[in-house]
Each structure stands twice: as structure tokens, then as C-alpha cells.
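The values are calculated or read from the model by the stated rules, or taken from the named source; none is laboratory data. It should be emphasised that the depicted structure is a prediction, and the values quoted were computed from it without experimental measurement. Neighbour counts are summed over all protein chains in view; Cβ atoms, including those assigned to glycine, are modelled from backbone coordinates with ideal geometry. Just so you know, the surface numbers come from the protein's heavy atoms only, side chains and all, with ligands and any DNA or RNA stripped out. Shrake-Rupley method; radii C 1.70, N 1.55, O 1.52, S 1.80 Å.
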Amino acid sequence: MTDQDLDPTIAALLAETEADIGPSELPSFKDVSDEPEPAHNEPASTSAHKVDLSQHGFQEITKFYSDEPHHIFDDSSYYKTALGGEGEQAQRVHKILSKYLTCQDPKDRTVYRQQLVTSWWELIRVMCQKAGDYNLEKPKRMLLRFGVVLPSLFTPEQKQLFSSVFLENTSGEPVFYMDEWFKEIASGRLNLSATDEARTPRKNDPAAETQRIQQLKSKNEGKLQNAESLLNSKESERLMVENELKNRITSLCEHNPMLGLEPHKQPYSEAQKRLFGEIQEKLRALQKIDKDLSNYIKEFEEAKAIGRSLDDKLTGQPEAMEVSTGDLMIEFQTVRQMAKMTCGRQGNQFPIFTREFYHCVPRLTGFRENVLSILKWVEDNDPECFVRVHKNMKNRIVPYVLCLPTYGDFGFCWEPFDRYNRVTSRGRIVIPMYPRDLKIAILMAVADLRWQVAKEKASYYWMEEGLTGQYYQWIERQKLKGDLKSYFIADYVLWMTKEVNGIQRMDKELRAVFWRFVPFNQQKKEDLKMRSPVYAELYQRDLNRAMSDGY
């Protein structure tokens, strides 16, 4: 996703769905350097990192908010605790925030607003290093998670809303807030996000050797998971063919008595004689399946052996699993760049939560449960949005989702998969928490992910084959200029917001490309074909391709 303004098409869609802060009493900063009290331990969860290829969809979100709101924002010392112990960076934020909230001159207010952006990210740079501490105080986590530094900037309704948000990830899905993201990075459970600059390991550095082994392990885990998936698939196929074979043999061995010549039984009927050929076909199919199964077992055993060897090497390495401060700073710079990209060049970069800029309704605020609910809706309509094909095997791999507390409107894909494991590693998408329309922001991120995965799959032939090839050729015929991916993202949003409901907004030829390469679920297709001859024709093309085995 490029750092640019909203596409006109997306802007128009946003328009369809669419209290200044006065002088405020700001808490005194004189005691903010006091040592804060430790919070309760927070259990670690690794379930969100494991890719489960047996899962076929998201669980339905039935509860979006807690019945028992927490009282973190009611704490009179929230501001002091949130900024306490953060040194001169916190002092600077306090000083500029005080001037910003009490300033009456619009020009001066704009200057202070710009200064707050820089000073805030300097504060986050210091605080992110502590995110791995499970005893980190709740106000500090809320500052990192929601950008809330001063609860008086809430309206009473907003305060109640944010107090009812679930703080823990109970879904097991890889959706993280910013504080959780830094915690996972610091603990080593989550690899650093990809950057343009390659990190050069220091000579004889044990941590670098551990990281190298971890990368090899990650790559091997992809092979292991894929081999196991193929193994399970072949075993299921074998079981199905064996059951069909048993049924045919059972039918073959059934003989009715000959009337008047009992106890003698009738010879094979014509239907039973046809079973001889079918049984032979099933036996040949089992022979082929067994050959494939033997190869997959061999691949699986090799991957298991490599995994054990790497585990042994890791056991022999020094305890250096946690990410170094330098690497954490690289991730901080990456996250800061992500935050800028969610807003765009001319977007609202203001980093602090305030009722002045927050205009979201509760269900369209980027809380984890809301994001998961929309992702489920996207996948229900576009069932292949998270599918990655390897050796003709479709693997559903949900990307990591980072929810950033920004007022941006852009969702995007940072990386489609880990460069060391292209088979089963998760990609990374970024979602702004306070956009004008959360659904469109998520659709943009999914579209970006879809485009990048399709392009990587087509490799050198991305302008000729598959989704990217067909779309590129259509753009060329239209003589359109500009960023190809941005065009695709805008068209995907149109596809998932208008065409999904039978509202025809796309060019006929382009609609055919999306119908084939970004297909709706079968039920949706059958519904659409009854609405218009346009969709009925596309549905018939599907049947024709299926009959000719060219689909």
C-alpha cells in the first residue's frame, strides 16, 4: 500500500457511510517520576502463533463487550502512572499537551499539534522496550494500545465503551494491539517485521546464531506442516476410495437364490459385471495414492528429523531468545512507519486519543472483536482470501493483524508471508483503529494481501498469469496510468461492497475477471445468478469450464 490519499472510488464509498476540546484541566506532572506500583502477572498465550491448517473459518463473535467493565480509566492517578518513569520524553509530552489543550490561538494550536506527533513517538520508543514486561502497569498498556494518555479526553459514553472492551485475546486468532505486538516481538514469539535494510549480524554473536537457527526452524516448520497436510489429505483420499471399493465388492458378492434350483444362486448380473472394471479402476487409484503417500511420509519424516536436529542445536545455544534492544528499535521504526501509512500524506497524524477526532460508532471501532467479525464476513463472501496454494494443496493461513491507534483510513499488507517460510507462515496486515469506515479499511488490507500473494505465486509471469496477469491486461486495454495495486484495491472494495449485493458497478470484462479469480462463495453465486442475466452468464461460464476440466 503506497502512502497516498484515498482513491476517489473508496472516498465515494466512505461518503455513503458517513466537539472540539476546550481548555481542560490537566493533572500535575510533579509526581510523575515516582515509581509506579507493579500490576498483576499477565499470562502468555502462544495459540495465536500456531497455524492450524485444519481450521476452515473464524468462529462467530457472539460477545463484543464485557458485561463487567474495568475501572482503569477511573483511576485518579492514571495520567501519573501512564507517564511515570519515562524520563524526559514523558516530560516533553506533558509540557506540549498542556499547551495544546489550553491554547486558544488556532495557529499556535496547529504548531503544538505537530510537536505532539514527534514527542509522542519518542515516548513510544522508550515505552515499547518495556512492553515485554508482564507486570507493566495497565495505564501504560492502555496508552500503547489505544493512545489514551488522559481519560478526561473521553466523553462519558466513550469512557464507558473503552472500559467495556475485552483486554485479553480469548479468540486464539492472531489479532494484536500495539502493546501486545511489542510484547510478542520482545519475547521472541513473533519475528521482526520485514525491512528494506538487511540486518548484519555481529561476528561470533550467540544471539545471531540463535536467530539463524530459528529462521531455519521456521522454514522447516513450513515444510513440516505442508507435508503433514498433504499426508492427511492422501490418507483421507485413500479411506474414501477404500470405502468405495468395499461397497462395490459387497455388491459384487451379493447373489440371489435361483427360483426352483435352491440352494443354488444366480450368476453375476450385468450390473455386477460392470463392477469388475470399476473395482480395477479403484485398485489402480489406490496404487497411485499409495505411491504418493509413501513420498509424503518420506518428506514428513525428513522434516521431522531436521526439526529435531534444529531443536537440539537450539538447546545447546545460550539463553538468548529475547530480542535485543537494537532489534526492538528496528521494529519500533517499522511500526511507526506503519502508523504513518494508515493515515497517508495528508491524513490526520495526531497520535493521542481525543474526542475531537474520534467519530467512530462502537461496532466500527477497531477493537479486536469488531475486526474479527468483519474478517469473518470478508472470508464468508470471499472464501479464498486467506488461501495459499502449494503443490495443488489449498492452505488457509490467516495473517497477523496489527491494530494501530491511529485516525487513518488505510488498511494494508506489510508482508504477504515470512521470507524464510513461504509455505505456511502468516503474512502481516495493518488496520487503523479509528477510521471513517472500519470495513473498508479491512477490505483494503485484505485486497493488498490478496494481490501480493497472487503476484508472488505467479512470479516472473505475474503480468501474464492468474489474477494479476488478467487484471494487468485489463488495465492495459483501458490505457489507465498509475499504481496498479491501488487500482486493484479500489476495485476489490467495489467488488465486496457493491457487486456482492448484486449492484452492478464494474466493467463487464473486469467483473468476469473477479468472478473467476476472486470468487464469491457458491451460495452467493447461486443467489446472484437469479438476480440478473449478467451473473447468470458468468455462472454458466463456471459450469462450462468445469465440464471441460479447464477451471
Query - Within segment 387-473, percent of DSSP bridges classed antiparallel, to nearest 5 - result: 60 percent
**Report entry** Over 32 Å (Cα to Cα) - which of K246/K457; K183/K376; K288/K525 fall in this group
**Finding:** K246/K457; K288/K525
Query - Cα-based equivalent ellipsoid, the chain: semi-axes from gyration tensor eigenvalues, Å - result: 52, 30, 23
Query raised in the report: Using the alpha-carbon centroid of each, what span in Å lies between segment 530-545 and segment 109-151?
Result: 53 Å
Query raised in the report: Here are some pairs, K439/K498; K219/K313; K223/K485; which of them have Cα atoms lying more than 18 Å apart in this structure?
Result: K223/K485
Query raised in the report: Put a dot 7 Å past each Cα toward the Cβ at V111 and V500; how far apart are the dots in nm?
Result: 4.8 nm
Report summary line: As straight-line cross-link partners of K99, the qualifying lysines (C-alpha separation under 18 Å, not fewer than 8 residues apart within one chain) are K30, K80, K107
Query raised in the report: With each pseudo-label sitting 7 Å past Cα toward Cβ, what's the R284-R422 distance in nm, one decimal?
Result: 3.6 nm
Report summary line: Measure of exposure for V335: accessible area at 1.4 Å probe, Å² rounded to 10, is 0 Å²
Report task. Counting other Cβ atoms within 10 Å, keep those with at most 16, restrict to DSSP loop, and tell me which trypsin sites (Lys or Arg not before Pro) in segment 460-500 are left. Result -> K479, K481, K498
Query raised in the report: With no solvent and one point per C-alpha, what does the Debye sum give as log10 I(q)/I(0) for segment 226-339 at q = 0.12, 0.17, 0.20, 0.22 Å⁻¹?
Result: -0.73, -0.94, -1.05, -1.12
Query raised in the report: Residues with amide H under 5 Å of G188's amide H, sequence separation 5 or more or different chain, H placed in the peptide plane at 1.01 Å from N; which?
Result: V323
Query raised in the report: FRET efficiency for S54 and K298, Cβ-Cβ distance as r, R0 = 25 Å, nearest 0.05?
Result: 0.65
Report task. At a 1.4 Å probe radius, which order do E415, E235 fall into by accessible area, largest first? Result -> E235, E415
Report summary line: The rounded separation in angstrom of the Cα centers of segment 435-478 and segment 215-243 is 29 Å
Report summary line: The alpha-carbon center of segment 338-405 and that of segment 158-190 are separated, in whole Å, by 14 Å
Report task. Identify the trypsin sites (Lys or Arg not before Pro) of segment 387-439 meeting these criteria: DSSP loop state and at most 15 other C-beta atoms within 10 Å of the C-beta. Result -> K391, R419
Report task. Could you run the Karplus curve 6.51 cos²θ - 1.76 cosθ + 1.60 with θ = phi - 60° over segment 247-259 and give me ³J(HN,Hα) per residue in whole Hz, x for Gly and Pro? Result -> 4, 5, 5, 4, 5, 5, 8, 8, 10, 7, x, 8, 4
Query - Residue-averaged 222 nm ellipticity for the chain, from DSSP H runs of 4+ at -39500 (n - 2.57), nearest 500 - result: -17500 deg cm²/dmol
Query raised in the report: What percent antiparallel are the DSSP beta bridges of the chain, to the nearest 5?
Result: 55 percent
Report summary line: Which residues qualify? For L404, with a placed amide H closer than 5 Å and at least 5 residues away or on another chain, they are I431, M433
Query raised in the report: Once phi is turned into ³J(HN,Hα) by the Karplus curve 6.51 cos²θ - 1.76 cosθ + 1.60 with θ = phi - 60°, what whole-Hz value does each residue of segment 414-431 show in order, with x for glycine and proline?
Result: 7, 8, x, 6, 5, 5, 8, 8, 7, 7, 10, 7, 7, x, 9, 10, 10, 10
